[in-house]
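S.K.: Okay, here's the structure, questions in a sec.
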Amino acid sequence: MPQTLTEIKEELAARGIRPKHTLGQNFLHDHNQLRKLVAAAALPAGALVLEVGPGTGTLTETLLDAGCEVIACELDRDMAAIVRTRNAHRMGAGVGCLTLVEADCLDGKHAISAQILQALAGRPFTLVANLPYQAATPLI
């Protein structure tokens with residue numbers, strides 16, 4: 001089940017992490033909004049989803065619980081460590097699994113990073129994300 005706001009704050013405090021506003025970090029935590037976001041994406045069973053900026057992984061976990069294969073790209077090492085720890089049992093490729101790419105989602109200002117392209121392996125995907133402001137325009 002995705003984290004509550006209290007759980008997110010406790011996780012960050014326990015690790016001595018503060019949100020990096022320079023990276024546009026903010027955290028989805030409302031379970032109703034998470035469900036609505038995933039429902040609005042109208043993802044078929046086993047859909048391949050690219051999530052940019054998973055933060056602590058609340059949307060990631062909601063997508064995985066919905067039966068998606070998720071490729072999550074996180075620039076912040078601290079946040080990537082949280083996602084990796086919380087989803088260690090789901091790491092890998094395939095339906096219900098997570099591939100975590102620890103890198104910038106962009107190569108330059110207008111191209112998706114080579115690491116993401118490699119993880120996608122030319123497969124069709126759906127972008128479902130609480131996008132960091134700086135990445136939104138180039139990605140969309």
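Values quoted throughout were computed directly from the atomic coordinates according to the rules given, and no laboratory measurement underlies them. This is a predicted model, so every value here is computed, not measured. In this analysis, Cβ positions are derived from the backbone assuming ideal geometry, glycine residues included, and neighbour counts consider all displayed protein chains.
S.K.: Excluding Ile17 itself, what net charge comes from residues whose Cβ is under 15 Å from its Cβ, given Lys and Arg +1 and Asp and Glu -1?
M.R.: In short, +1.
S.K.: To continue, here is another question. Would you list which lysines come within 16 Å of Lys20, measuring only between C-alpha atoms, while excluding same-chain residues fewer than 8 positions from it?
M.R.: Lys9
S.K.: Let me ask something else about it. Kirkwood Rh and Cα-based Rg: tell me the resulting Rg over Rh for the stretch 29-70, rounded to two decimals.
M.R.: Radius of gyration relative to Kirkwood radius: 0.92.
S.K.: Would you mind estimating how fast the stretch 80-135 diffuses translationally, via Stokes-Einstein at 20 °C and 1.002 mPa s with the Kirkwood radius over Cα pairs, in µm²/s?
M.R.: My calculation gives 168 µm²/s for D.
S.K.: Run through the stretch 9-112 and list the trypsin sites (Lys or Arg not before Pro) located in a DSSP loop whose Cβ has at most 10 other Cβ atoms within 10 Å.
M.R.: Answer in residue order: Lys109.
S.K.: For the chain, what is Rg from Cα atoms divided by 2.2 N^0.38 Å, rounded to two decimals?
M.R.: That ratio works out to 0.97.
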